[in-house]
Amino acid sequence: MAMAMREPYLALTTLELWSDDEMAPVLPDTFLGGSAPRLQRISLEGIAFPALPRLLCSTVNLVSLLLDKIPPDTTGYISPQVMAISLSGLTWLKFLRIDFLPPGLPPHLHQNPRQQTRAVLPSLTWLEFQGVNEYLEDLLSRIEAPLLENIDIKFFDQITFGVPQLLQFITHSEKLNSPNEAKMNFHSDFIQITLSPPRGTVGNFTLQVLCTVPLWQVLSAVQICDQAIPLLSRVQRLEICGGEHEHSLREWQDNIEIAQWLELFYPFTAVASLHVTENLGPFTASALCEVTGRRAAEVLPALRNLFLEGPEPSEFWEGDIWQFIAARRHCSLPVMVCRHRRNWEHNLEWTGFMEVDD
């Protein structure tokens, strides 16, 4: 097929090619004669196309570029520098996805010097990436997308990583730089952090780190939160969920230190409402009971409502959460603790339970 399509197809508007072979097919440099001026959509899955940058230089009307299951070897590799240059002329591009197969790329491929001039993608609203953070950091240091509305990032399992360029990239986007809600999801094989704008507006940012060990999940989340303080300091509602899969509560208690768990909360200085799902509710309550004295005013200083799922109310009275409530009251920062489980909900105050409508 590639040999038969060695000439430009001037009327071609959509190109979709995919392969499930373990060895990705490689498109030759002569494919389409290196020119397809009317192309609007390109979707390559499991296909290596080293000459793609040359083709992109001719696709000035391109709206969607999807590169899925990029081979983990060098056959389909396009450096961040070359990719940014190729994207610079795509002023109509709205959707971009770059998806590498694990384990990502060899480290020596991330040593290209970063250029000062950035390519501006004025129409880009949606960006997806899967791979290693070094590639994304290098790429984002070379591009800008001021109208970006959604960004979905997946990193392969890494113990340490930095994302300064990613965070700077987000702050330059008008619709992503003021999140109102944050959600942390500790799943069986990944940790995911989602930032959302006020309801009724657009702009979602999702960052996922593939990892199966609860401790590494927490450490990854702490690294992300520490680097994202300028963004997270604007969040008013925080939701933490997970722990209900292979990760038992005992596993969390045995492997994760209270201090490590509390580190997650420090960047959220504006959070007024904290929601924690059932499996992590008792663990969070145990952590908060350690926050006494001056620290009670430093951890979640704006918190007013704490929603904890878990055991029945009678059992909850025996918990250590009262130490946190007392410490906050002593600092003149009262917190109302709300217990909820499926179809019932109770507010827990100093005077006892008070039933409220859900």
Any chance segment 305-319 includes a residue that's in contact with a strand residue (DSSP E or B) (Cβ under 6 Å, 6 or more places away or on another chain), at pLDDT 90 or above and within 18 Å of Ile240 (Cα to Cα)? yes
Wholly inside segment 34-105, strands (runs of 3 or more DSSP E) that include 1 or more residues that are at pLDDT below 95 and closer than 18 Å to Ala11 by Cα are none
One residue is enough: does segment 256-263 have a residue meeting the conditions at pLDDT 90 or above and touching a strand residue (DSSP E or B) at 6+ places or on another chain (Cβ under 8 Å)? no
Of the numbered conditions (1) under 22 Å from Gly281 (Cβ atoms); (2) in contact with a strand residue (DSSP E or B) (Cβ under 6 Å, 6 or more places away or on another chain); (3) of a type outside the set (D, E, K, R), Phe155 fails exactly one; give the number of that condition. (1)
Output the residues belonging to segment 13-24 that are assigned to a loop (DSSP other than H, G, I, E, B) and either crowded, with 18+ Cβ neighbours inside 10 Å or at pLDDT 95 or above (or both). Thr13, Ala24
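The values are calculated or read from the model by the stated rules, or taken from the named source; none is laboratory data. Values in this document were obtained by computation on a predicted structure and should not be read as measured data. All Cβ positions, even for glycine, are placed from backbone atoms using ideal geometry, and neighbour counts span all protein chains on display.
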